[in-house]
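These notes are about the structure you will find just below.
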Ligand SMILES: Nc1ncnc2c1ncn2[C@@H]1O[C@H](COP(=O)(O)OP(=O)(O)OP(=O)(O)O)[C@@H](O)[C@H]1O
Ligand SMILES: [Mg+2]
C-alpha cells in the first residue's frame with residue numbers, strides 16, 4: 001500500500017549550536033500521504049528539525065532523505081523544485097507585496113519566463129504563462145477563502161489572514177511534502193477550525209503529505225495520523241495519537257503529569273513579525 | 001491598503017486584471033499624455049525641451065537605481081560611474097566600429113551591464129554598509145579608469161560624440177532628440193513595469209522583503225542580488241549613452257559621486273520601489289535647480305541679493321536645496337512623490353465623494 005512508503009526519513013539527526021544540543025540522534029519516517037505531527041515543549045527542537053528538512057539548518061550529524069534522495073546537503077533553494085514547501089512559526093510573508101504576488105512567488109520554480117522574455121511581456125509568451133499560473137493561484141485563493149484580500153498588501157492583513165496567505169504561498173509550490181510550523185498559533189477557535197479543515201483538505205484532496213508542528217493537542221489528536229514527541233532535542237515517543245498520549249514518558253515530559261490537559265491549548269503566541 | 005478601483009470598473013479576465021494601467025481613465029490619461037508629449041516639440045522652446053530630455057535621461061538612470069535600491073533593497077553609491085561608462089561605451093563603439101548610434105545605445109547598455117555584474121558580484125555576499133563601500137569603490141575605480149583609459153574615453157580631454165541618426169534622420173537638436181529620448185523612456189519604463197509583474201521582478205522584491213522565505217520558494221539569492229546590479233547598470237548605461245549623444249561631448253567630470261548621490265536623491269524623492277516614481281524624482285531633481293535659479297534671477301539686484309550675494313553662491317544654493325529636499329522628503333514623505341500621486345488619483349477617482 002502506498003501509505004507505508006516513506007517520503008521523508010531522518011536518520012540519526014543531531015544538531016548542535018556551540019554547546020547547545022538542539023537535536024540529538026533523532027530518527028523518524030514520514031509516510032506518503034499522512035499527516036505527521038511533531039509535538040514537544042518549548043525549545044524541544046521542533047523548529048530545528050523542520051529547519052533541517054527545509055534546508056535552513058544543516059544537521060551536524062545524520063542524514064535526511066526525501067523521496068529516495070539524500071538531501072542533507074542540498075541547498076535550500078533547490079528543495080522547492082523537488083517538492084518541499086513550508087510555512088514559518090513567525091510570519092514570513094513578503095510584507096510589501098500584494099497577496100496575489102506573494103502567492104505567485106510560490107510558483108517561482110514552475111515559471112519559465114525570466115527577465116529576458118518577461119520584459120517584452122507580450123512577445124514571447126510571458127503573458128500567457130502568467131495567465132495560466134494566475135488561474136492555478138486563483139484556485140488556491142478560492143480554496144483558502146482569501147478572495148476578498150487578493151489585492152491587499154500582505155503586511156496590512158490581520159494575523160489570522162496572514163497565516164492563511166502564508167499557507168497559500170506554500171501550497172502554490174505544489175509540494176509533495178508541506179511543513180507547517182505552528183499553523184494555528186495565536187488563532188482564535190474559529191480560525192483554528194478553519195485551518196484544521198484546510199490542512200485536512202490539503203492532505204485528502206490535494207494529496208499532500210503534511211508534517212506539522214502544533215501545540216494545540218486537541219487539533220493534533222484530531223487530524224494527525226501519527227505523532228512524534230521531542231523533548232530536549234531527543235525523540236521520546238512516536239506512534240498513533242492515542243498511543244503517544246498514553247505513553248508515561250510523554251505525560252511526564254510534555255503534559256506535566258496532569259491528567260486532563262489534553263485539550264488545553266498552549267498559551268497563545270504573540271504574533272511576531274519577522 | 002486595498003487598491004481601490006471605481007465601482008463599475010469590472011475585470012472579466014485575468015488578462016485584463018494584469019494590465020499596467022488598470023482603469024479606463026488611466027489608459028485614457030496615458031494616451032492623452034503621450035499625444036501631448038508627441039506634440040511638445042511643436043509648441044515648446046529649446047530650453048523647455050532640453051529640460052524634458054534631461055528628465056527622460058535621468059529618469060531612465062534613476063529607474064535602474066530604483067530596481068536595485070527600491071525593489072531589491074540593496075544600495076549603490078556608484079550609479080553615476082555606470083552612467084558614465086555607458087556614455088563612453090556608446091561613443092567608443094560608434095567611433096571604433098562605426099556601429100549606428102541607434103544600436104550603440106543598447107550595446108552600451110549591455111556593456112555597462114557586464115561591468116555592473118562584475119562590480120555587483122560582491123552583492124551576493126555583502127549587505128548594508130559593506131555593500132555601500134564596495135559600490136563606492138566601484139565609483140572611484142571607474143572614475144580612475146575614465147581618466148586613464150585614453151583609448152576608451154579620450155582621457156581628461158574627453159570625447160566628441162556623433163549625434164543620433166536613423167535612416168538619414170539626424171537627431172542633433174532638442175526638437176528631434178526629444179523623440180529619441182521619449183522612445184527610450186517608453187521602452188525602458190514599460191520593460192521595468194513588465195519585469196515587476198513577472199517571475200524575476202517578483203523574485204527581486206521577495207529577496208528584499210524576506211530573503212529566508214524567498215529561498216524556501218526556490219529563489220537563488222546570490223543570483224538575484226547580482227542580477228539586480230546587472231539590470232540597474234543596463235539602465236544606467238542606456239541613459240548614459242543617450243546623454244552622450246545628446247551633449248555630443250563626454251568628459252570625466254560629469255560622472256562624479258555627486259551625481260551618484262543625486263540619483264539616490266531622485267529615487268528617494270520619487271519613491272523607493274515605484275516605477276513611475278523614478279521619473280517623478282528625476283523631474284524634481286532636474287527642475288529644482290532651475291527653480292532655484294529662477295528665484296535667484298528674480299531677486300537679482302534686490303536687497304536680499306545684496307545681503308546674501310546670491311549671484312556668487314548660486315551653485316552652492318543648488319546643492320543646499322537638493323540636500324534640504326532629500327531630508328524633507330525622508331522626514332515628511334518617505335514613500336516619495338509616487339505615494340502623493342496615488343493619493344491625488346484616489347481622491348479624484350472617488351470625487352465628488354472623497355470624504
Ligand atoms: N540559530 C540558533 N542558534 C542557537 N541556538 C538555536 C538556534 N536555533 C535554535 N536554537 C536552540 O535550539 C533549541 C531548540 O529550538 P527550537 O526552536 O527548535 O525549539 P522548538 O521546539 O521549535 O520550540 P518552540 O515551541 O518554542 O517553537 C533551543 O534551545 C534554541 O535556543
Ligand atoms: Mg518552534
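Rule-based calculations on the coordinates, nothing more; no lab input. Predicted model only: the values in this text are computed from it and were never measured. Cβ coordinates were reconstructed from backbone atoms using ideal geometry, including for glycine residues, and neighbour counts include every protein chain displayed.
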Average other protein chain Cβ within 10 Å of Cβ, residues A:149-159: 2
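Cβ neighbours within 10 Å, averaged per peptide: list A:162-175, B:22-35 in order, most packed at the top.
A:162-175, B:22-35
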Stokes-Einstein diffusion coefficient of the stretch B:94-229, Kirkwood radius over Cα pairs, 20 °C, 1.002 mPa s, in µm²/s: 120
Within 10 Å of each Cβ in B:205-211, the average number of Cβ atoms from other chains: 6
Bridge type composition, the protein assembly as shown - antiparallel percent by DSSP, nearest 5: 60
Cα-based helix-to-principal-axis angle, A:126-143 vs chain A, degrees rounded to 10: 40
Kirkwood-Stokes translational diffusion coefficient of the stretch B:221-280, alpha-carbon pairs, 37 °C, 0.692 mPa s, µm²/s: 250
Order of B:243, B:14 under a 10 Å beta carbon neighbour criterion, fewest first: B:14, B:243
Helix-only CD estimate at 222 nm, as mean residue ellipticity for chain B, using -39500 (n - 2.57) per DSSP H run (n ≥ 4): -24000 deg cm²/dmol
Inter-site label distance for residue A:63 and residue A:82 at 7 Å from Cα along Cβ, in nm: 1.2
Antiparallel DSSP beta bridges within chain A, percent to nearest 5: 55
Chain B pair-distance distribution - Cα-Cα, 20 Å bins, rounded %: 28, 57, 15, 0
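Give me a single rounded figure for A:109-116: the average over its residues of other chain Cβ atoms within 10 Å of their Cβ.
Taking the mean over all residues of the peptide, I get 5.
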Order of A:74, B:328, B:68 - criterion: other Cβ atoms within 10 Å of each residue's Cβ, fewest first: B:328, A:74, B:68
Separation between Cα centres of the stretch B:9-88 and the stretch A:17-78, rounded to whole Å: 48
Cα pair distances in the stretch A:96-174, grouped into 10 Å bins until the bin that holds the longest one, percent each: 20, 48, 26, 6, 0
Relative exposure of A:143, B:88, judged by other C-beta atoms within 10 Å (fewest first): A:143, B:88
Highest to lowest packing among B:290-299, A:193-202, scored as the average C-beta count within 10 Å: A:193-202, B:290-299
In degrees, nearest ten, helix A:189-204 long axis to first principal axis of chain A (Cα): 80
Normalised convex hull volume, the stretch B:172-331, alpha-carbon set, Å³ per residue: 143
Whole-Å distance, taken between Cα centres, linking the stretch A:123-137 and the stretch A:180-216: 30
Cα centroid separation, the stretch B:247-304 to the stretch B:142-195 (Å): 19
